[in-house]
Amino acid sequence: MTQTDAHWPDGTGEMAALIGAHDWAGTPLGPVSGWSSRLKVMVEQVLAHPLVASLVCGPERILIYNDAAASLYGDRHPAALGRPLVEIFPEGWATVAPYYARAFAGETVQVVGQPVDTRGEDAAADVFDAVLVPVREEDGRPAYVHAVASEIGGRMRAESALRASEERQIFLLKLSDALRPLTDPIEVQAATSLLLGEHLSAAGVNYGVVDETAEAIVVAREFRREGSGSSIGSHSLDAFAWMVRILRQERNVVVDDAASSPLISVSERPAVIAVGHAGFVVVPLIKDGRLVGALTVLSAAPRHWTRDETELIEEAAERTWDAVERARAEDALHASEARFAQFAACSSDGLWIRDAATLAMEYVSPAIRDIYGLAPEAILGDLRLWAANIVPEDRGGALEHLERARHGEAVTHEFRILRPTDGAFRWIRDTDFPLLDEHGRVQRIGGIAEDVTDAKQAAEHQAILLLELQHRVRNILALIRSVADRTGDTAGDVDDYRDRLQGRLRAFARVQTLLTHAANVGVDLATLIRTEVEAQAGSDTQFVIAGPDILIAPKTAEILNLAVHELTTNAVKHGAFSHAAGRLGVTWRVCYEEDEPWLHLDWIETCAAPTLRRPERKGFGTSLIEQRIPYELNGNGTLAFEPDGVRCRLEFPLRRGNSILETDAVTLSTTIAGGALDMVGEANLGGCQVLVVEDDYFLATDLARALSKVGGTVMGPVGDEDKALTIIAGEAPCCAVVDINLGNGARFAVAEALQERGVPFVFVTGYDDVVIPARFDGVARLRKPVEFRQVVQAAARMCEA
């Protein structure tokens, strides 16, 4: 090597040093000193090239290459330098030889996407784009081929991976779109099986659900190509014990060939192959540490499952699980909603739900129609639609209780409403309670509305009855005390006192029984007399009772019963019933005196005992007949002790009078007061059209309802000036109630329009008189807060004018 050759080639790279130190004399190219200048220049160009570059020389195809090429040759570098291509790349020579043959023939050859094994390490072949350019010596013959190549395998793999990713995403989007509208878990499983089976060209796909109770996996629907067996049904987990062990470890079961897979024992392979499962992938679904299901993809023939395919199956399994759980949740929700709707429809109480943020009504049950007298949809939405039905005095409390529920408190409160269907005021008991989301925040407010008007009236009635009962018990005790005192005045001894008192109390009890049976409408006179007489007579042949059918008032029955008892007791002791020959006749008739019916009753005894004589002093019975009957019944009572027997005549008007024994004289009230909206006693505005112009929603609706309660026809109410002017320009009202401030300060356009049309009106305002122009001095002013009765009275005066 000459001095000059010793410094050739220039360069600091590895290949420059290797080329300079190489023993070229032992190659067909010979020593460098014998190389042509063209060959040296081409070697330096190869070394300087940034891409993979080489120079193939002579018919032996001797290889010279640069650093970029050296990085691709793996273990073949540096032994490849200066050797023939056929020796360096024996497995790839057949592929590239034709290209070099064409180039050495003088053709520039372009190679696109050519795989070549350059590393010799059993690695995947690199892929190249290359240009082979012939290099001629001075005699014109192609002596060398300059090759420049770009390794594009990495780019192609990246592009391939990108395409696979895009295809996977497209499929998963298609799967999601298909599953989204499905509400049946079985249909979800069927849709996944069909789409995945078609996408992977599989023989079969199924989604199995693990039933831990039965220790089985259940397949409800599947995808199967023609000729493949079915997996639908319940399969014992024990039959797949080897597979279940793997799945429970959260590992996929990937079998390319069942005949040789190490996952399947030799003894189990025939059973797997027999059902046509030559290759398969099973992806587990593990939730909360439990195996809950598996997605299986089957191949009828051995198949290499790529990583992309198994990842796709994994994602499909997860999306299917989510869709199945969503479908189950929706199914459970629909079932729950159906049960709730059925419960709500049958409930006599009104059920409702509000949005906690806006208090807008979202749901009301059908019972609201009967309770509020409104269609349920009439109070959906804006809170004011519901609150407007509450009487003004109770509205603030109702809204305050809603706020308490909004802040997490369960509350019960009562308020009154004015029911539009019948104009009745009703008491409502509302139970409000918070409904929380999964984070414990108040998301909605639920409530139960109950009409408690009847219960409140019944409670009031009961209280009145209790007071009445207490009053009557005191009266009864007073009467008993009086009877006891008077009995003592005439009793001969203690035994006589006891007998007399017991008899009178028993008579008192008998008349109480008669009054109870008669429900306090009256007592049959014949029954009253017969009851007392039969209790004392020796036989029914001793008396005759005759007279027209008459119901006597409870008060009359109470007094008359005691009188008859005293007469009968006397008859037993001294009169007709004291011996077998005695007889009694009781008769009565009704006579009219000054157009008022009077009862005339005669008690006549005959064949009395010889010992009968008039008592020396008046006893209890005599006082009762001669004094109490005239005093309490406004009649007459006479008692005579004749030799033949006692004769008594009772005469009194048949008037209504309440007995102290009655217990239901109090009648239940049928109405309740509605506070400021109760218009009982106010003038009738029937036929009067009243325009209400007021921008406050609650005041406007309250005014309208107060006017409607007395028969007025309300136009509006309206809350802005333009709407009011439109109404006035059309059909003029009979009168109007006008607010001065409709949200934009004091304005009088509405008042002016009413004046022009000759419509009387009143101002309902909070302004002082100084704000109102002088031209309206004659217009009445009602100051806010206004009394609704004042508005009704003002409207009545205007309609009469």
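The values are calculated or read from the model by the stated rules, or taken from the named source; none is laboratory data. This one's a predicted model, so the numbers in the text were calculated from it and none came from an experiment. No Cβ is skipped: glycine too gets one built from the backbone with ideal geometry, and neighbour counts run over all protein chains shown. The area values use the complete protein model at the heavy-atom level, side chains included, leaving out ligands, DNA and RNA. Shrake-Rupley method; radii C 1.70, N 1.55, O 1.52, S 1.80 Å.
Quick notes on this one:
- Cβ-defined net charge surrounding Val254, 12 Å radius [Lys, Arg +1; Asp, Glu -1]: -2
- Here is what passes the span test in the chain: the DSSP H helices with alpha carbon length of 20 Å or more along the helix axis and a Kyte-Doolittle mean of -1.0 or above are 153-179, 185-200, 307-346, 453-490, 494-517, 554-573.
- Proximal charge balance of Val452 [Cβ under 14 Å; K/R count +1, D/E count -1]: -4
- The residue list Ser708, Gly492, Gly446 was ranked by how far each Cα lies along the charge dipole of the chain toward its positive end, using unit charges on Cβ atoms, and Gly492 comes out on top.
- Debye equation applied to the C-alpha atoms of the stretch 361-409, log10 I(q)/I(0) at 0.32 Å⁻¹: -1.15
- By average C-beta atoms within 10 angstrom, highest first, the peptides 379-392, 195-208: 195-208, 379-392
- Span from the the stretch 534-575 Cα centroid across to the the stretch 668-708 one, whole angstrom: 60 Å
- Put a plus charge on the Cβ of each Lys and Arg, a minus charge on the Cβ of each Asp and Glu, and nothing anywhere else: the dipole of the stretch 645-801 about its Cα centre is then about 960 debye.
- Whole-number accessible area per residue in Å² for the stretch 371-412, which is evaluated in the context of all protein chains at 1.4 Å: 42 Å²
- The stretch 1-132, Rg to Rh (Cα coordinates; Rh as Kirkwood inverse mean 1/r): 0.95
- Student exercise, the chain dipole from Lys, Arg, Asp, Glu Cβ charges, in Debye to nearest 20: 2300 debye
- With every protein chain in place and a 1.4 angstrom probe, the accessible-area ranking of Ile353, Ile448, largest first, reads Ile448, Ile353.
- Accessible-area order (highest first, 1.4 angstrom probe) of the listed residues Tyr697, Tyr592: Tyr592, Tyr697
- The fraction of accessible area contributed by carbon and sulfur in the chain is 52 percent, rounded to a whole number (1.4 Å probe; ligands and nucleic acids excluded).
- Only lysine pairs 8 or more places apart, or on different chains, with alpha-carbon atoms under 26 angstrom apart are counted in the chain, and they number 7.
- Across all directions, the shadow cast by the convex hull of the stretch 708-789 built on its C-alpha atoms averages 5.6 square nanometres.
- Counting only protein heavy atoms and using a 1.4 Å probe, the accessible area of His7 comes to about 120 Å².
- Val738, Val714, reordered so the largest accessible area comes first (probe 1.4 Å): Val714, Val738
- Within the shell of other residues whose beta carbon sits under 13 angstrom from the beta carbon of Val411, the net charge comes to -3, with Lys and Arg scored +1 and Asp and Glu -1.
- A straight line joining the Cα centroids of the stretch 183-251 and the stretch 266-291 runs 10 Å.
- Per residue convex hull volume, Cα atoms of the chain, in Å³: 432 Å³
- Here Cys648 sits with roughly 0 square angstrom of accessible surface, probe radius 1.4 Å.
- Per residue, the stretch 1-113 exposes an accessible area of 49 Å² to a 1.4 Å probe, with every protein chain left in place.
- Percent of alpha-carbon pairs separated by more than 23 Å within the stretch 665-760: 32 percent
- Of the residues Leu685, Pro115, Ser299, the one whose Cα sits farthest towards the positive end of the charge dipole of the chain is Leu685 (charges of +1 on Lys and Arg Cβ, -1 on Asp and Glu Cβ, taken about the Cα centre).
- Computed over the stretch 185-306, the quotient of the alpha carbon radius of gyration and 2.2 N^0.38 Å is 0.99.
- Averaged over its residues, the stretch 681-744 has an accessible area of 38 Å² per residue, based on protein heavy atoms and a 1.4 Å probe.
- Counting only heavy atoms of the protein chains and using a 1.4 Å probe, Trp598 has close to 40 Å² of accessible surface.
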